[in-house]
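Let me begin by presenting the structure, written as structure tokens, before commenting on it.
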Amino acid sequence: MLSLIVTLYTFFSLYINQKISKVTILFLLVFLILDFAKTEYLKSRFFVLTISFVQFILITISIKLFGWEFSFFIPCSMSIFWDYKNKLASLLIAFLLLIFMFFVPANFAKDYFLICIFVLYSKSAFQMLQESKQKYIQNIDNLRLLNLQLSKLKTELLQSQQIIQKLSEQNQQMKLASSLHDTVGHSLAAINIQLNALKTLLEKKDLLGDEQINHILSSCLNQTQVSYKSLRNFVYSLKNSFESKTRYLEKVIEEFNFCKLNLNCSGDIENIPSYIFENLMAILKEALVNVSKHSDATFVDVSLQANPMYVRLYIHDNGTKKGEIKEGIGLMSIKLRSKAMNATINIDNSSGFSIVVFVPLKSEGD
């Protein structure tokens, strides 16, 4: 743009002095093309210096051929090296332009000086504008980044509020579960003990011969046992809902200190139905209690395999005690729980002691 303005001014000056010809127009066009290529396309400093040197030669030839009006192009050719921030470069450019001024005839000196001031001021203003534009773009980018960070913090805050609300609800439910267990549960247990004591007393006094008394007492005992069991299962499921199944299984394993134990899980443990998982954990606990009470094992291997079709629990210890498997309360409880899940159970003591519980989740027709 600067070169175009100076070219027009030079053209006007040549026209007034009647120096316009096809050759002068050609020289003006060549200078414009070189300057445009230098400022818009060439990025290498070597090529910029080369083009500037060619322009200087072109200006020198034009001055000799057509007059000092072509000296106006000298500041245009040198303005590309002007940098208002670099004081040394600025002083050097100003010094060189001042030296050229001594060679310019007096009648062109004033115009040459004004054009130098115009070119250098315009170049400085353009550089300042570019810097302002870059700072503006950078500020916009910073604002966008801050906006993204603010949006992220807002999302995290909402998530934190939801977590706090959920934890508060869970805390209230846990308090309710503990309160039920400590009040209603203990009361039911006490009533059950008292009813059993009453039954024993009536048996000693031979008063249970009455069928109606026996029926009522047995019914009360059964109802208190069923109520206590339902309450216990409710409290257990409520507490267990706040803890992942994997973590609960790990806690069961951590509580076993009798001997070394290896746990191997496969599949998605969290997708095991809750009632099946509760029964399997009860079976695992009972099996580990039996190991600590009746076995001389030094190692226990536990494997829990879960997939959409079935769940398989495998417990094996390396105990050396042999003999017939006696079905005590523990094994009976394991079998009853397996039956409640429609599971198959296999117990073997030919090499150590092992229990395999296989729980089908879907039939082949499903």
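Read-outs: derived from the displayed coordinates by stated rules, not from any lab. Predicted model only: the values in this text are computed from it and were never measured. Ideal geometry is used to build each Cβ from the backbone, glycine not excepted, and the neighbour counts take in all protein chains shown.
For a protection proxy built on the mean count of beta-carbon atoms within 10 angstrom, sort 51-57, 66-72, 146-152 highest first, please.
66-72, 51-57, 146-152
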*Determine the dipole magnitude for region 22-79: charges of +1 sit on the beta-carbon of Lys and Arg, -1 on that of Asp and Glu, nothing else is charged, the reference point is the Cα centre, and the result goes in debye to the nearest 20.*
140 debye
*asked:* What does DSSP give for the chain in terms of the percent of beta bridges that are antiparallel, rounded to the nearest 5?
replied: 75 percent
_Test of understanding: ordering 116, 76, 220 by Cβ neighbours within 10 Å, fewest first, what list do you get?_
220, 116, 76
*Mind giving me the FRET efficiency for residue 250 and residue 146? R0 is 45 Å, r the Cβ-Cβ distance, nearest 0.05 is fine.*
0.60
*In Å, what is the Rg of the alpha-carbon atoms in the chain, and how long is Dmax?*
48.7, 148
*asked:* Suppose we take every Cα in region 2-133 and form the convex hull; what volume per residue is that in Å³?
replied: 104 Å³
*Mind listing the Cα extents of region 245-360 along all three principal axes, in Å, largest one first?*
37, 27, 21
*Could you list, in their original order, any pairs among 85/123; 64/123; 19/64; 22/64; 175/293 whose Cα atoms are separated by more than 23 Å?*
64/123; 175/293
*Calculate the spin-label point distance for residue 264 paired with residue 160, positioning each point 7 Å from the Cα along the beta-carbon direction, and give it in nanometres.*
4.4 nm
*Which one of 121, 68, 78 is farthest out on the positive end of the charge dipole of region 2-133, using unit charges on Cβ (Lys, Arg +1; Asp, Glu -1) and the Cα centre as origin?*
78
_Quick check on the chain: helices-only [θ] at 222 nm, where DSSP H runs of length 4 and up contribute -39,500 (n - 2.57) each and the sum goes over total residues. Nearest 500, please._
-23500 deg cm²/dmol
*asked:* To make sure I understand, if each residue's beta carbon is the centre and we count other beta carbons within 10 Å, what order do 316, 294, 215 fall in, fewest to most?
replied: 215, 294, 316
*If each residue's Cβ is checked for other Cβ atoms within 10 Å, how do 111, 35 rank with the fewest at the top?*
111, 35
